[in-house]
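Just below is one structure, and these are the notes that go with it.
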Amino acid sequence: MRCAECTELLSAYMDEELTRDEQQEVHEHLTTCAECSREEQALALTSRRIKENFMRHSTPDVLKARIRNALAQDDAFTPATPISARTSRVWPRWSTLAAAGLVVAVVSSTITATLVRRSTAGSTLAGAIVDSHIRSLMPGHLTDVVSTDQHQVIPWFNGRVDLSPAVPNLDSTGFLLTGGRIDYIDGRAVPVVTYKRRQHVINVYARRAEGPTTSATNESRNGFHMIEWQSGGLDYWAVSDLNSAELEQFIALFKRG
């Protein structure tokens, strides 16, 4: 099975709507293809979050009473017209409603699929960055070059990655530059600049921007705060267990620096 075929069947596979042979074929492909497996995990995470945040509203008693009252009426389903006229008038109305319902279903499915795919891609990248941040907290994984001098950190990246990240010195504001490293995110070599605020580590990741400039986004994953923004043709992500207010302060200073 090819990856494109597997991707098309993922939703049905997760809902167990495939035949036994198809379920087995997709399962076997997922065990051997890391990329499709990551997409399945991201899709499962998105689905779980949608279910967790799905709002259910109870029907008001007044509305229930009105519906019961309407259904109890003798003429609720009996048009006061001859059968011939009834056929010509009632059927178009129901066929119109059915067609409208079909259009709504198709449009809703298309929109949902598009949103899920976008969310899946963003979720996968964000998850990979948070995983990288967690790995960096292990002893000996935080920095490849240890320095509080931006003039040593900046040239260290030259020749190791194909871009030059911003490395502002923010020591005077309480955010200490500690160095940098090269990490691999989504199959790419990514420069990471590291800072500390008291005992809190801040990792700043940079990649070439792949889309139009967007406003900063802020989210939390596994107890870590992550803020993404664009500057100078690069996408930046700052990740830390620092509280959100101080992380936003750091980013404001980083942009000015």
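The values are calculated or read from the model by the stated rules, or taken from the named source; none is laboratory data. Model, not experiment: these values are computed from the prediction. Because the Cβ atoms are built from the backbone with ideal geometry, glycine has one as well, and the counts that use them run over all protein chains shown.
Of the strands (runs of 3 or more DSSP E) lying entirely inside the range 168-257, the ones with 1 or more residues being surrounded by 17 or more Cβ atoms within 10 Å (Cβ to Cβ) and either charged (D, E, K, R) or free of Cβ contacts under 8 Å to residues at least 12 places away in the same chain (or both) are found at 176-185, 188-197, 200-208, 224-231, 234-240.
In the range 129-155, the residue that is nearest to Ala206 (Cα to Cα) out of those that are crowded, with 18+ Cβ neighbours inside 10 Å and hydrophobic (A, V, I, L, M, F, W, C) is Ile129. Residues in the range 113-128 that are modelled with pLDDT under 80 and surrounded by 12 or more Cβ atoms within 10 Å (Cβ to Cβ): Leu115, Val116, Arg117, Ser119, Thr120, Ala121, Gly122, Ser123, Thr124. When the test is whether a residue is at pLDDT 85 or above, among the β-branched types (Val, Ile, Thr) and either more than 24 Å from the chain's Cα centre (by Cα) or assigned by TED's automatic domain parsing to the domain that holds Gly187 (or both), Thr78 does not pass it.
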